[in-house]
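Since the structure comes first, as structure tokens, the remarks are kept for the end.
What follows draws every value from the coordinates through simple rules; no lab data is involved. Note that this is a predicted model, so its numbers are computed, not measured. Methodologically, a virtual Cβ is constructed for each residue, glycine included, from the backbone with ideal geometry; neighbour enumeration extends over all protein chains shown.
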Amino acid sequence: MKIIKDKVSKLSFVALLVTLTAAMFYTPTASAHGEKSQAAFMRMRTIHWYDLDWSKDEVAINETMTISGKFHVFSGWPETVDKPEVAFLNIGIPGPVFIRQGSWIGGQLVPRSVTLELGETYDFKVLLKARRPGDWHVHTMMNVEGGGPIIGPGKWVTITGSMSEFVNPIVTLTGETINLEDYALDNVYFWHALWYAIGLAWLVFWVKRPMFIPRSIAVVDGKADSLISPLDRKIGIAFALGTVVLVMASMGATNDAYPVTTPLQAGLMRGIKWIDIPAPTVTVKVEDATYRVPGRAMQMTLTITNNGDAAVQLGEFNTASVRFLDAEVYEDESGYPDDILAEEGLTVSDNSPLAPGETRTVEVTASDAAWEVYRLADLIYDPDSRFAGLLFFFDEEGNRQMVTVDSPLIPSFI
Amino acid sequence: MSASQSAVRSRAEAVQVSRTFDWMILFTLFTAVLGGYHIHYMLTGGDWDFWTDWKDRRLWVTVAPIVSITFPAAVQACLWWRYRLPIGATICVVALMLGEWINRYLNFWGWTYFPVNFCFPSNLIPGAIVLDVILMLGGSMTLTAVVGGLAWGLLFYPGNWPIIAPLHVPVEYNGMMMTLADLQGYHYVRTGTPEYIRMVEKGTLRTFGKDVAPVSAFFSGFVSIIIYFLWHFFGKWFAKTDFIADDEL
Ligand SMILES: [Cu+2]
């Protein structure tokens, strides 16, 4: 007996551990810091985020902020990633520290997934309402079916105040104003508690009598039928009928209380408007490109032709959300996150204004620690070692043109 | 150790030991089922059970009963045929829902701050009680599978409707109509659960027009019958004592 007792207690303990460790610790993904671990080519050749603006650095509970800007869907989308035929404009935050009050692409509300076209540029806006205090890294993010999350740049935003003050008032089509934060919560607790009590009552009815050993002996001895008494049957019938009656009655009462309900809404949204950007009048040919590992610098030889009617200068190279600027041509005033902004990271061998009709071959170097920190340099180990990005040219009046580049990259280890 | 000597000396002692044994077995069964069933249900039912904006009239109604009748069928097989205890289904569901509530409350709400009215579990208790009573009254696996399995599928949606109906009230939101549940899914950002993986209101059972929930429930009940048989056999096999040597008992 003692041995069995020991075995059983040991087993119980093991079962308890299994239970606690395996099942209860499941938490939905709360982390939003996958940006560095994502393959470099994914970040360089899929969605390019630019002109981003986080409207606030600090926001109080219940107040709102927006993230707005543009994203370019790269035409050299990698073969290994599914095309963005089903994509969802998300936001990279650690759980619902903000609620997403609205999100728009091309002025259209996008609570559902959309179809995006390769080679087009879209403007977007996400409206966030602060819910939980703390310092949060807030990323732009696009989920692509078959491709996973494509994370854009992140900026630290501080939420102040107390979460207990957070409210989420909504006016329903039946004319009520509710607080979605705890709406119908009492109802959830009530029904769960009631049904749980009924379930426990059924268990207690059986568990309070001697169970395993005597009943097992009776079954083995062929007296199984004596184990269920007529009273047991009656009570069982009462439980079953009571259950069915309660289900029917509560369903009827619910339908009376909520005469207007609709099914969940879902479906893909097509025909999202992109921005009509006139074709650039500057053309760029990448003659060669190397990445110098020791110098954390990428060197490109570019042949630039200006077919427009104003002289232009190269001001910015943007790849995987890291921005390399030539400070003499262009300065960022948007408050872009420091760690991915190289204000003087771009050097051009000859960046004097390129006159209309002129063609020039220049050496362009984009150098910054961000190559290493953001693991972009890893792309030299990719099966298809290519780089891609956006080049921005500016004329005298500050007009900007965007040109995409996409070319093989040769690493240099010396 | 001496195996021939009994550890109990009187009837009173035997009763006491037997009762202690009952509680230990019950505790072990409860926690083991809680762990196993909970993992199984998360892997198969997963998001359908986690979020209100997955609890639709088609797939949730179909999937949840089919994947949840498994453990109840198996544990019933053990507790009924060996002990004539008609509590197999209820003990499973009560254990599962305890585990789910701990997980949803501590992790979904306590750790990640999803509101509880967005991530509460589904109610499986009505079907479990009916399943247990049918087995007790009929004492037949076939009857329990056919009548009980069907009832399991049919009771699921109405048993949950009082809980989810308030969240199916429509709202107009920036020019679009949604239910409050849809809005919860939109407001409370899930980085790892993009909208397109949500499988709701998809399927081919559309011939019956508006009344999709009853049709889905019947379909679910029929599949539950088959799954019941399968898992009842698993349970019977698992409850065998052939692999314990006699001298260990
Ligand atoms: Cu981050």
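Once phi is turned into θ = phi - 60°, what whole-Hz ³J(HN,Hα) does the Karplus curve with 6.51, -1.76 and 1.60 give for every residue of the stretch A:390-395, x standing for Gly and Pro?
Per residue, the Karplus-derived 3J(HN,Hα) values read 10, 10, 10, 10, 10, 9 Hz.
How would A:GLU58, B:GLU201, A:GLU333, A:GLU396 line up from fewest to most surrounding beta-carbon atoms within 10 angstrom?
The order, fewest Cβ neighbours first, is A:GLU333, A:GLU396, A:GLU58, B:GLU201.
Compute the angle between helix A:2-18 and the longest alpha-carbon principal axis of chain A, please, reported from 0 to 90 degrees and rounded to the nearest 10.
Roughly 30 degrees between the two axes.
Hey, what did the stretch A:282-412 get for relative contact order, percent, Cα under 8 Å, at least 6 apart?
That works out to 33 percent.
Just want to confirm a number: the relative contact order over chain A, from Cα pairs under 8 angstrom separated by 6+ residues, in percent.
16 percent
Once you have a ≥ b ≥ c as the square roots of the Cα gyration tensor eigenvalues for the stretch A:185-257, tell me rounded if a/c is under 1.5, and otherwise prolate or oblate according to whether a/b is larger than b/c.
Prolate, since a/c reaches 1.5 and a/b exceeds b/c.
Please label the shape of the stretch A:221-273 as rounded, prolate or oblate, based on the square roots a ≥ b ≥ c of the eigenvalues of the alpha-carbon gyration tensor (a/c under 1.5 means rounded; beyond that, a/b larger than b/c means prolate, else oblate).
Oblate, because a/c is 1.5 or more while a/b does not exceed b/c.
Could you give the alpha-carbon Rg of chain B over 2.2 N^0.38 Å, rounded to two decimals?
Dividing the Cα Rg of chain B by 2.2 N^0.38 Å gives 1.20.
Which helices pass in chain B if a helix is a full DSSP H run, must span at least 18 angstrom along its long axis by Cα, and must have mean Kyte-Doolittle hydropathy not below 0.0?
B:11-44, B:70-83, B:88-103, B:125-138, B:149-164, B:212-238
What are the semi-axes of the equivalent ellipsoid of the stretch A:110-200, taken as the square roots of 5 times the eigenvalues of the Cα gyration tensor, listed largest first and rounded to whole Å?
35, 21, 17
D for the stretch A:263-414, whole µm²/s, Stokes-Einstein with Kirkwood Rh over alpha-carbon pairs at 25 °C and 0.890 mPa s: what number?
Diffusion coefficient, whole number: 147 µm²/s.
Which parts of the stretch A:303-342 would a label at A:GLU358 reach, counting a residue when its backbone N lies under 11 Å from a point 7 Å out along Cα-to-Cβ?
Counting only backbone N, you get A:306, A:311-313.
Once R0 is set to 56 Å, what does the formula 1/(1 + (r/R0)^6) return for the Cβ-Cβ distance between A:PHE205 and A:THR158, expressed as a FRET efficiency to the nearest 0.05?
Efficiency, rounded to the nearest 0.05: 0.50.
What length, rounded to one decimal in nm, is gained on full extension from A:ASP53 through to A:PHE413, with 0.36 nm per residue of separation minus their alpha-carbon distance?
125.9 nm
Based on the mean of other Cβ atoms within 10 Å per residue, sort peptides B:117-123, A:257-263, B:19-25 so the most packed one is first.
B:117-123, B:19-25, A:257-263
Normalized C-alpha radius of gyration of the stretch A:354-414, against 2.2 N^0.38 Å?
Taking N as the residue count of the stretch A:354-414, the ratio is 1.42.
Using the C-alpha gyration tensor of the stretch B:1-140, what are the square roots of 5 times its eigenvalues, in whole angstrom, with the largest one first?
For the stretch B:1-140, the ellipsoid semi-axes come out as 36, 20, 11 Å.
What average number of partner chain Cβ atoms lie no more than 10 Å from the Cβ of the residues making up B:141-152?
Partner-chain Cβ atoms within 10 Å, mean over residues of B:141-152: 0.
For chain B, what's the relative contact order in percent, using C-alpha pairs closer than 8 Å and at least 6 residues apart?
28 percent
One quarter of the convex hull surface, Cα atoms only: what value does that give for the stretch B:17-72 in nm²?
Convex hull of Cα atoms, orientation-averaged projection: 4.3 nm².
With everything on Cα atoms, drop me the angle between helix A:185-207 and the longest principal axis of chain A, reported from 0 to 90° to the nearest 10.
40 degrees
Tell me whether the protein assembly as shown comes out rounded, prolate or oblate; compute the Cα gyration tensor, take square roots of the eigenvalues as a ≥ b ≥ c, and use a/c under 1.5 as the rounded threshold.
Because a/c hits 1.5 or more and a/b exceeds b/c, the protein assembly as shown counts as prolate.
Kindly flag which residue pairs out of A:LYS83/A:LYS129; A:LYS129/A:LYS155; A:LYS234/B:LYS240; A:LYS56/A:LYS125 have an alpha-carbon separation exceeding 23 Å in this structure.
With Cα atoms farther than 23 Å apart: A:LYS83/A:LYS129; A:LYS234/B:LYS240.
Given the rule -39500 (n - 2.57) for each run of at least 4 DSSP H residues, summed and divided by the residues of the protein assembly as shown, what is its mean residue ellipticity at 222 nm, to the nearest 500 deg cm²/dmol?
For the protein assembly as shown, the value works out to -11500 deg cm²/dmol.
Tabulate in residue order the Karplus-calculated ³J(HN,Hα) for the stretch A:239-244, using 6.51 cos²θ - 1.76 cosθ + 1.60 with θ = phi - 60°, rounded to whole Hz; enter x for Gly and Pro.
So the J values, rounded to whole Hz, are 4, 5, 5, x, 4, 5.
More than 26 Å apart: what percent of Cα pairs in the stretch A:215-353 qualify?
64 percent
Report the net charge of residues surrounding B:VAL189, where surrounding means a beta-carbon distance below 13 angstrom and charges are Lys +1, Arg +1, Asp -1, Glu -1.
Summing Lys/Arg as +1 and Asp/Glu as -1 gives +3.
Let me understand the stretch A:35-171 better: what is its radius of gyration from the alpha carbons, and its Dmax, in angstrom?
Radius of gyration, then largest Cα-Cα span, for the stretch A:35-171: 15.3, 48 Å.
Treat the count of other C-beta atoms within 10 Å as a stand-in for reagent exposure and order B:MET199, B:MET177, A:MET298 from fewest to most.
By the 10 Å Cβ count, ascending: B:MET177, B:MET199, A:MET298.
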